[in-house]
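Computed from the coordinates by the stated procedures, all read-outs in this text should not be read as laboratory data. All values derive from a computational prediction rather than experimental measurement. Here the Cβ positions follow ideal geometry from the backbone for every residue, glycine too, while neighbour counts run over all protein chains shown.
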Amino acid sequence: MDKAQRIEEISATHGTGQDKLLPILHDVNREFGCIDPEAERIVAAALNLTRAEVHGVVSFYHDFRSEPDPRPEVQICRAEACKARGVEQMMQGANEAAGERVRLKPVYCLGLCATGPNARVGDQLHSRLDEASLKQLIERS
């Protein structure tokens, strides 16, 4: 199955209607690592939207990118609760551990405010991090 067919299949599983756009985009992004112009065009056609409407949504949300990035991603919560627990003081060490090999992405709440600082790798959440455990997490990614 080629890329266009797979995107059409993803779109069809969600149905039609403008409210289906974000779930479709998340699934396309998960499957292909990005939402490129071709994907935008296919999704727009499936939902009877203009490519500009789809591109506006893709470019608005930071989770979507137009080209795949093969590096592993570590999301680090930078919200107030994690800041209060010292995440900002851990960031220099995190950046050094990541270098160019790992993409660090700031996020603003992972929903574990009582157990911060927190990070997420894929679908796995990590809480009660200190500088050493955050560096280890990044180095293992």
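A few notes on this one:
- Fewest-first sequence of ASP19, ASP27 by Cβ atoms within 10 Å of each Cβ: ASP19, ASP27
- Restricting attention to the chain, close to 50% of DSSP beta bridges with both partner residues there are antiparallel.
- Partnerless Cys - the chain, beta-carbon criterion under 4.7 Å: CYS34, CYS109, CYS113
- Other residues whose C-beta falls under 15 angstrom from the C-beta of ILE35 contribute a net charge of -3, scoring Lys and Arg +1 and Asp and Glu -1.
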